[in-house]
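What follows is one structure encoded as structure tokens, with my remarks underneath.
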Ligand SMILES: *Cc1c(COP(=O)(O)O)cnc(C)c1O
């Protein structure tokens, strides 16, 4: 990210405070297509529309805060990944980014597979008709109940994450008279985030079995001995919000190295490798994500080259994008409640949601952009911080953003690129009700996850 911190200096009212922001954009009404869903526009009155419906109408019908998801954009992105990888590879959408039954049906229709990592996600996938053989089951501590359900359902693969799990899945499969297809998740010693990757010591994490010290090779040895398991491949996931392919390059090199060791030791060439997800999206205009076809080309070339030099048949590749499919397709719509200018600092703009519907800013210091969307404005830009309604000073939605100086209670703000890891990480903190997800397409809006009600909250409270 190329955002420059403003040079530190005395805090006069005419000097901007420190923070991570670029200069104010030339036109605050402009919508950068990089960060907004494909069908988002401003209409002739300057009001933002998605799928042909304006946000004032959407706010009236569905309330705020709410997530609005551009269904055409979701399908287009899913299809772009599918097409880019073609028939020789598999695309698994990572359900944890955002999962609902409508999403499962869209994925099914667009020919994608699905990653789940809990019984709840598995139940959602199956209940919406995703064929079990197109589901991969992940997680570093799947319960025996979850494993049993996954094996019984006939999931296409379980990704094994520990030595205990190798035995657990094998036993359960055997008890059920099954042979479960599995991959082993390894840590290759690479962790990638945004533009950098670090190629040392990243075995120090809870996921996967380290390649270092021969642990991954030992896991393979054990898995190959167990009748309940059919070992089909090796899995590696190196991080998230990645823009740079070099981390994948190192990962592919090391995974293929393990495939070669396995061939040399056991005389088997495993047929699949999974390179995980983690491809970045644009949260602000400073981010430059790659297109699926570039990613597919790069990954395929890397794996092919590595396999040629190891004299291995090129395995079938799979990838697991979550954020890159759903992230850009939705925005969160909020209503402004209060506007509080702090002299020489910034203006605090409080909206009717916050860390309960978007924890990423508090959790990861994530950057977002935000626009006034219920009307155009040519007022001077003012440095703002968009905050929520929760009882935490860290309850920040957008840390630094320029908004028009005439912003007032009742205005609608939209934060783009909230399709991934926002509704799926939403909480009931302060007994706030989780917002709905509304899918919009061709002038029609339909709730796919309804707003929580106080009744929902009280139903769980049985004391
Ligand atoms: C989280 C995760 C993904 C998806 O990551 P994105 O950053 O959303 O693409 C894919 N695979 C695994 C194993 C994951 O844990």
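The values are calculated or read from the model by the stated rules, or taken from the named source; none is laboratory data. Computed from a predicted structure; not experimentally measured. Neighbour counts are summed over all protein chains in view; Cβ atoms, including those assigned to glycine, are modelled from backbone coordinates with ideal geometry.
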Would you confirm whether any residue within segment 307-317 is in the same structural domain as residue 225 (by TED's automatic domain parsing), within 16 Å of the ligand (Cβ to nearest atom) and surrounded by fewer than 23 Cβ atoms within 10 Å (Cβ to Cβ)? yes
When residue 354 is evaluated against the numbered criteria (1) in the same structural domain as residue 31 (by TED's automatic domain parsing); (2) not in a loop (DSSP other than H, G, I, E, B), which criterion, by number, is the only one it fails? (2)
Count - residues of segment 124-147 that are crowded, with 18+ Cβ neighbours inside 10 Å and in a loop (DSSP other than H, G, I, E, B): 5
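Listed here are the residues, each with its yes/no results for (1) surrounded by fewer than 17 Cβ atoms within 10 Å (Cβ to Cβ); (2) away from the ligand (no atom under 16 Å from the Cβ).
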residue	(1), (2)
34	no, yes
61	yes, yes
94	no, no
122	no, no
Within segment 360-390, how many residues are under 12 Å from residue 400 (Cα atoms) and assigned to a loop (DSSP other than H, G, I, E, B)? 6
Just give me the residues in segment 99-139 being on the phi > 0 side of the Ramachandran plot and either touching a helix residue (DSSP H, G or I) at 6+ places or on another chain (Cβ under 7 Å) or modelled with pLDDT under 95 (or both), in sequence order. 111, 129
Is segment 326-339 home to any residue that is surrounded by 16 or more Cβ atoms within 10 Å (Cβ to Cβ) and in a loop (DSSP other than H, G, I, E, B)? no
Matching entry among 284, 304 (being assigned to a loop (DSSP other than H, G, I, E, B) and either touching a residue at least 12 places away in the same chain (Cβ under 8 Å) or more than 21 Å from the chain's Cα centre (by Cα) (or both)): 284
